[in-house]
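Okay, so here's the structure we're looking at.
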Amino acid sequence: MGKRLQGKVAIMTGAAKGIGFATTQRFSQAGAKIIITDINQDAVNGAAAQTPNAESYEMNVTDRASIQVVVDQVMQKHGRIDILINNAGITQDARLIKMSEAQFDTVVDVNLKGVFNCTQLVVSHMLGAGASAIVNASSVVGIYDNFGPTNYSATKFGVIGFTKTWARELGPKGMRVNAVCPGFIATEMVKAMPENILQDIERRSWLGRRGTPTEMANVYLFLASDEASYVNGVALEASGGISL
Ligand code: NAD
(Lines give C-alpha, C1' and ligand atoms only; values in the text may rest on other atoms or scores of the structure.)
Protein backbone atom coordinates (compact mmCIF):
# COMPACT_ATOMS: atom_id res chain seq x y z
CA MET A 1 0.00 0.00 0.00
CA GLY A 2 1.75 3.22 -1.16
CA LYS A 3 1.53 6.55 0.64
CA ARG A 4 -1.44 7.69 -1.40
CA LEU A 5 -2.65 10.22 1.19
CA GLN A 6 0.73 11.59 2.27
CA GLY A 7 0.38 15.07 3.76
CA LYS A 8 -3.44 15.06 3.69
CA VAL A 9 -5.57 15.89 6.74
CA ALA A 10 -8.68 13.69 6.91
CA ILE A 11 -11.65 14.13 9.25
CA MET A 12 -13.68 10.97 9.78
CA THR A 13 -17.02 10.75 11.61
CA GLY A 14 -18.24 7.70 13.55
CA ALA A 15 -14.67 6.44 13.35
CA ALA A 16 -14.31 4.59 16.66
CA LYS A 17 -15.46 1.22 15.34
CA GLY A 18 -16.75 -0.77 12.38
CA ILE A 19 -16.17 0.51 8.84
CA GLY A 20 -15.05 3.92 10.14
CA PHE A 21 -12.31 2.41 12.31
CA ALA A 22 -11.08 0.14 9.50
CA THR A 23 -10.93 3.22 7.26
CA THR A 24 -8.81 5.10 9.81
CA GLN A 25 -6.29 2.23 9.66
CA ARG A 26 -6.10 2.31 5.86
CA PHE A 27 -5.80 6.09 5.75
CA SER A 28 -3.10 6.05 8.40
CA GLN A 29 -1.12 3.44 6.42
CA ALA A 30 -1.54 5.67 3.36
CA GLY A 31 0.16 8.57 5.14
CA ALA A 32 -2.80 10.79 6.13
CA LYS A 33 -3.12 12.71 9.38
CA ILE A 34 -6.34 11.17 10.73
CA ILE A 35 -8.81 13.16 12.79
CA ILE A 36 -10.84 10.42 14.50
CA THR A 37 -14.22 11.67 15.71
CA ASP A 38 -17.09 9.80 17.33
CA ILE A 39 -19.88 10.43 19.81
CA ASN A 40 -18.13 8.49 22.59
CA GLN A 41 -14.93 10.03 24.06
CA ASP A 42 -13.51 6.78 25.52
CA ALA A 43 -14.10 4.99 22.22
CA VAL A 44 -12.34 7.70 20.19
CA ASN A 45 -9.40 7.72 22.58
CA GLY A 46 -9.12 3.93 22.27
CA ALA A 47 -9.28 4.10 18.48
CA ALA A 48 -6.66 6.86 18.29
CA ALA A 49 -4.32 4.92 20.60
CA GLN A 50 -4.30 2.09 18.02
CA THR A 51 -3.78 4.41 15.03
CA PRO A 52 -0.44 5.98 14.09
CA ASN A 53 -0.62 9.66 13.08
CA ALA A 54 -4.09 10.15 14.59
CA GLU A 55 -5.83 12.65 16.85
CA SER A 56 -9.17 12.05 18.52
CA TYR A 57 -12.12 14.29 19.31
CA GLU A 58 -15.52 13.65 20.82
CA MET A 59 -17.97 14.91 18.21
CA ASN A 60 -21.70 14.33 17.75
CA VAL A 61 -22.76 14.88 14.13
CA THR A 62 -26.17 16.12 15.30
CA ASP A 63 -24.57 18.88 17.40
CA ARG A 64 -23.27 21.70 15.22
CA ALA A 65 -21.43 23.33 18.13
CA SER A 66 -19.41 20.16 18.75
CA ILE A 67 -18.50 19.96 15.03
CA GLN A 68 -17.44 23.61 14.99
CA VAL A 69 -15.09 23.06 17.95
CA VAL A 70 -13.34 20.22 16.10
CA VAL A 71 -13.09 22.15 12.83
CA ASP A 72 -11.63 25.18 14.64
CA GLN A 73 -9.06 23.06 16.48
CA VAL A 74 -7.99 21.17 13.35
CA MET A 75 -7.62 24.40 11.37
CA GLN A 76 -5.66 26.01 14.19
CA LYS A 77 -3.30 23.02 14.43
CA HIS A 78 -2.94 21.93 10.79
CA GLY A 79 -4.25 24.88 8.76
CA ARG A 80 -6.02 22.61 6.26
CA ILE A 81 -8.65 19.92 5.79
CA ASP A 82 -8.31 17.81 2.62
CA ILE A 83 -10.73 14.93 3.17
CA LEU A 84 -14.06 14.52 4.96
CA ILE A 85 -15.49 11.04 5.44
CA ASN A 86 -19.14 11.25 6.56
CA ASN A 87 -19.36 7.73 7.96
CA ALA A 88 -21.43 8.02 11.19
CA GLY A 89 -24.75 6.22 10.88
CA ILE A 90 -27.29 4.31 12.96
CA THR A 91 -30.31 2.03 12.50
CA GLN A 92 -33.59 1.90 14.40
CA ASP A 93 -35.60 -0.45 12.19
CA ALA A 94 -39.35 -0.98 12.33
CA ARG A 95 -42.12 -1.48 9.80
CA LEU A 96 -43.98 1.64 8.71
CA ILE A 97 -47.02 1.14 10.92
CA LYS A 98 -44.90 0.35 13.97
CA MET A 99 -42.23 3.05 13.57
CA SER A 100 -42.40 5.76 16.21
CA GLU A 101 -41.87 9.40 15.37
CA ALA A 102 -38.83 9.35 17.66
CA GLN A 103 -37.28 6.44 15.72
CA PHE A 104 -37.85 8.30 12.47
CA ASP A 105 -36.46 11.60 13.74
CA THR A 106 -33.39 10.09 15.44
CA VAL A 107 -32.20 8.21 12.37
CA VAL A 108 -32.84 11.17 10.05
CA ASP A 109 -31.01 13.46 12.46
CA VAL A 110 -27.83 11.34 12.52
CA ASN A 111 -27.71 9.78 9.04
CA LEU A 112 -28.99 12.67 6.94
CA LYS A 113 -28.82 15.96 8.83
CA GLY A 114 -25.50 14.87 10.39
CA VAL A 115 -23.98 14.62 6.91
CA PHE A 116 -25.34 18.07 6.05
CA ASN A 117 -24.05 19.54 9.34
CA CYS A 118 -20.50 18.20 8.97
CA THR A 119 -20.16 19.01 5.29
CA GLN A 120 -21.49 22.54 5.64
CA LEU A 121 -19.21 23.35 8.56
CA VAL A 122 -16.10 21.81 6.97
CA VAL A 123 -16.47 22.71 3.32
CA SER A 124 -15.35 26.33 3.37
CA HIS A 125 -12.03 25.19 4.90
CA MET A 126 -11.54 22.59 2.17
CA LEU A 127 -11.88 25.10 -0.62
CA GLY A 128 -8.32 26.39 -0.25
CA ALA A 129 -6.72 22.96 0.13
CA GLY A 130 -6.33 22.10 -3.57
CA ALA A 131 -7.54 18.64 -4.65
CA SER A 132 -9.94 17.64 -1.89
CA ALA A 133 -12.55 14.95 -1.45
CA ILE A 134 -15.72 14.22 0.47
CA VAL A 135 -16.97 10.63 0.74
CA ASN A 136 -20.40 9.91 2.22
CA ALA A 137 -21.75 6.65 3.66
CA SER A 138 -24.84 5.53 1.79
CA SER A 139 -25.82 1.85 1.42
CA VAL A 140 -27.24 -0.66 -1.04
CA VAL A 141 -30.43 0.15 0.86
CA GLY A 142 -30.07 3.69 -0.56
CA ILE A 143 -30.18 2.29 -4.11
CA TYR A 144 -32.61 -0.65 -3.97
CA ASP A 145 -34.43 -0.13 -0.65
CA ASN A 146 -35.14 -2.91 1.81
CA PHE A 147 -38.08 -4.32 3.76
CA GLY A 148 -38.57 -2.52 7.09
CA PRO A 149 -36.30 0.47 7.54
CA THR A 150 -38.40 3.43 6.29
CA ASN A 151 -36.20 5.86 8.22
CA TYR A 152 -32.86 4.31 7.27
CA SER A 153 -33.57 3.84 3.57
CA ALA A 154 -34.88 7.42 3.29
CA THR A 155 -31.63 8.72 4.75
CA LYS A 156 -29.43 6.58 2.53
CA PHE A 157 -31.35 7.64 -0.62
CA GLY A 158 -30.98 11.20 0.68
CA VAL A 159 -27.22 10.86 1.07
CA ILE A 160 -26.96 9.95 -2.62
CA GLY A 161 -29.00 13.08 -3.37
CA PHE A 162 -26.55 15.17 -1.32
CA THR A 163 -23.64 13.53 -3.11
CA LYS A 164 -24.86 14.33 -6.60
CA THR A 165 -25.94 17.87 -5.71
CA TRP A 166 -22.63 18.70 -4.03
CA ALA A 167 -20.63 17.06 -6.84
CA ARG A 168 -22.14 19.69 -9.16
CA GLU A 169 -21.80 22.58 -6.70
CA LEU A 170 -18.27 21.85 -5.52
CA GLY A 171 -16.74 20.18 -8.60
CA PRO A 172 -16.00 23.52 -10.27
CA LYS A 173 -14.10 24.50 -7.10
CA GLY A 174 -11.79 21.46 -7.35
CA MET A 175 -13.58 19.25 -4.85
CA ARG A 176 -14.94 15.77 -5.57
CA VAL A 177 -17.95 14.32 -3.73
CA ASN A 178 -18.79 10.61 -3.89
CA ALA A 179 -20.69 8.00 -1.88
CA VAL A 180 -19.96 4.42 -0.88
CA CYS A 181 -22.89 1.96 -0.88
CA PRO A 182 -21.83 -1.04 1.18
CA GLY A 183 -23.77 -4.29 1.05
CA PHE A 184 -23.87 -6.29 4.27
CA ILE A 185 -20.65 -5.86 6.20
CA ALA A 186 -19.65 -7.71 9.36
CA THR A 187 -19.96 -4.91 11.96
CA GLU A 188 -22.07 -4.40 15.08
CA MET A 189 -24.74 -2.67 12.99
CA VAL A 190 -25.34 -5.85 11.01
CA LYS A 191 -24.92 -8.16 14.04
CA ALA A 192 -28.16 -6.58 15.31
CA MET A 193 -30.03 -8.26 12.41
CA PRO A 194 -31.62 -11.73 12.88
CA GLU A 195 -29.25 -14.58 11.91
CA ASN A 196 -31.74 -16.16 9.44
CA ILE A 197 -31.94 -12.86 7.51
CA LEU A 198 -28.14 -12.60 7.46
CA GLN A 199 -27.84 -16.16 6.12
CA ASP A 200 -30.37 -15.34 3.42
CA ILE A 201 -28.34 -12.25 2.47
CA GLU A 202 -25.18 -14.35 2.23
CA ARG A 203 -26.98 -16.79 -0.06
CA ARG A 204 -28.10 -13.91 -2.30
CA SER A 205 -24.63 -12.33 -2.53
CA TRP A 206 -22.75 -13.64 -5.57
CA LEU A 207 -19.61 -13.90 -3.46
CA GLY A 208 -21.51 -16.02 -0.91
CA ARG A 209 -20.50 -14.05 2.17
CA ARG A 210 -20.69 -10.75 4.06
CA GLY A 211 -18.08 -8.10 3.31
CA THR A 212 -15.44 -6.98 5.80
CA PRO A 213 -14.85 -3.45 7.15
CA THR A 214 -11.38 -3.50 5.54
CA GLU A 215 -12.92 -4.18 2.11
CA MET A 216 -15.04 -1.04 2.58
CA ALA A 217 -12.01 0.93 3.83
CA ASN A 218 -10.27 0.15 0.53
CA VAL A 219 -13.18 1.71 -1.37
CA TYR A 220 -13.06 4.84 0.81
CA LEU A 221 -9.31 5.03 0.25
CA PHE A 222 -9.70 4.87 -3.53
CA LEU A 223 -12.42 7.56 -3.63
CA ALA A 224 -10.53 9.87 -1.25
CA SER A 225 -7.21 9.53 -3.08
CA ASP A 226 -5.99 11.30 -6.20
CA GLU A 227 -6.28 7.95 -8.02
CA ALA A 228 -9.99 8.79 -8.25
CA SER A 229 -9.24 12.28 -9.58
CA TYR A 230 -11.87 12.04 -12.35
CA VAL A 231 -14.53 10.29 -10.23
CA ASN A 232 -17.19 12.75 -9.05
CA GLY A 233 -20.83 12.27 -8.02
CA VAL A 234 -20.89 8.46 -8.03
CA ALA A 235 -22.59 6.11 -5.57
CA LEU A 236 -20.14 3.21 -5.66
CA GLU A 237 -21.79 -0.08 -4.71
CA ALA A 238 -19.54 -2.52 -2.84
CA SER A 239 -21.83 -5.43 -2.09
CA GLY A 240 -20.44 -8.53 -3.77
CA GLY A 241 -23.04 -7.93 -6.49
CA ILE A 242 -26.00 -8.67 -4.23
CA SER A 243 -28.49 -6.96 -6.53
CA LEU A 244 -27.54 -8.92 -9.69
P1 NAD B 1 -21.08 0.85 13.51
O2 NAD B 1 -22.33 0.85 14.31
O3 NAD B 1 -20.09 -0.27 13.68
O4 NAD B 1 -20.28 2.24 13.74
C5 NAD B 1 -20.94 3.47 13.64
C6 NAD B 1 -20.19 4.50 14.47
O7 NAD B 1 -20.92 5.73 14.39
C8 NAD B 1 -20.10 4.12 15.95
O9 NAD B 1 -18.76 4.23 16.40
C10 NAD B 1 -21.00 5.15 16.64
O11 NAD B 1 -20.57 5.51 17.95
C12 NAD B 1 -20.92 6.32 15.69
N13 NAD B 1 -22.05 7.25 15.84
C14 NAD B 1 -23.35 6.95 16.04
N15 NAD B 1 -24.07 8.08 16.19
C16 NAD B 1 -23.19 9.13 16.10
C17 NAD B 1 -23.33 10.53 16.17
N18 NAD B 1 -24.52 11.11 16.42
N19 NAD B 1 -22.22 11.30 16.01
C20 NAD B 1 -21.02 10.73 15.79
N21 NAD B 1 -20.82 9.39 15.72
C22 NAD B 1 -21.90 8.60 15.87
O23 NAD B 1 -21.55 1.01 11.98
P24 NAD B 1 -20.90 0.49 10.62
O25 NAD B 1 -21.53 -0.80 10.28
O26 NAD B 1 -19.42 0.60 10.68
O27 NAD B 1 -21.50 1.57 9.60
C28 NAD B 1 -20.79 2.74 9.23
C29 NAD B 1 -21.59 3.47 8.14
O30 NAD B 1 -21.76 2.59 7.02
C31 NAD B 1 -23.00 3.88 8.57
O32 NAD B 1 -23.34 5.12 8.00
C33 NAD B 1 -23.87 2.78 7.98
O34 NAD B 1 -25.18 3.21 7.75
C35 NAD B 1 -23.13 2.48 6.70
N36 NAD B 1 -23.41 1.12 6.20
C37 NAD B 1 -23.09 0.02 6.93
C38 NAD B 1 -23.39 -1.24 6.41
C39 NAD B 1 -23.06 -2.51 7.13
O40 NAD B 1 -23.43 -3.58 6.61
N41 NAD B 1 -22.41 -2.51 8.26
C42 NAD B 1 -24.02 -1.36 5.16
C43 NAD B 1 -24.34 -0.21 4.47
C44 NAD B 1 -24.01 1.04 5.00
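Sort out which residues of region 204-228 are among the aromatic types (Phe, Trp, Tyr), surrounded by fewer than 20 Cβ atoms within 10 Å (Cβ to Cβ) and in a helix (DSSP H, G or I), and write them in order of number.
Start the filter on region 204-228 by keeping residues that are among the aromatic types (Phe, Trp, Tyr), which leaves 206, 220, 222.
Of the ones still in play, those that are also surrounded by fewer than 20 Cβ atoms within 10 Å (Cβ to Cβ) are 206, 222.
Within region 204-228, just Phe222 meets the criteria.
Among the residues making up region 77-92, those that are of a type in the set (S, T, N, Q) and either out of contact with any Gly (no Cβ under 9 Å at 6 or more places or on another chain) or in a strand (DSSP E or B) (or both) are Asn86, Thr91, Gln92.
Hey, does region 115-123 have a residue that's within 21 Å of Leu5 (Cα to Cα) and among the polar types (S, T, N, Q)? Yes; the residues of region 115-123 include at least one that is within 21 Å of Leu5 (Cα to Cα) and among the polar types (S, T, N, Q).
For every residue, the table says whether it meets (1) at pLDDT 95 or above; (2) surrounded by 16 or more Cβ atoms within 10 Å (Cβ to Cβ); (3) within 12 Å of the ligand (Cβ to nearest atom).
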{"residue": "Asn111", "(1), (2), (3)": "yes, yes, yes"}
{"residue": "Asn117", "(1), (2), (3)": "yes, yes, yes"}
{"residue": "Gln120", "(1), (2), (3)": "yes, no, no"}
{"residue": "Gly130", "(1), (2), (3)": "no, no, no"}
{"residue": "Ser139", "(1), (2), (3)": "yes, yes, yes"}
{"residue": "Val159", "(1), (2), (3)": "yes, yes, yes"}
{"residue": "Glu169", "(1), (2), (3)": "yes, no, no"}
{"residue": "Met175", "(1), (2), (3)": "yes, yes, no"}
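Counting the residues of region 186-203 that are surrounded by 13 or more Cβ atoms within 10 Å (Cβ to Cβ), within 9 Å of the ligand (Cβ to nearest atom) and in a helix (DSSP H, G or I) gives 2. The residue that is farthest from the ligand (Cβ to nearest atom), counting only those in region 50-95 that are among the aliphatic types (A, V, I, L, M) and closer than 18 Å to Gly7 by Cβ, is Met75. Among residues of region 9-23 that are within 7 Å of the ligand (Cβ to nearest atom), those with a Cβ under 9 angstrom from a residue that is in a helix (DSSP H, G or I) and among the acidic types (Asp, Glu), sequence gap 6+ or separate chain, pair up as Ala16/Asp42; Lys17/Glu188; Gly18/Glu188.
The values are calculated or read from the model by the stated rules, or taken from the named source; none is laboratory data. Remember, it's a predicted structure, so these values are computed and weren't measured experimentally. Glycine gets a Cβ as well: all are built from the backbone with ideal geometry, and neighbour counts include every protein chain shown.
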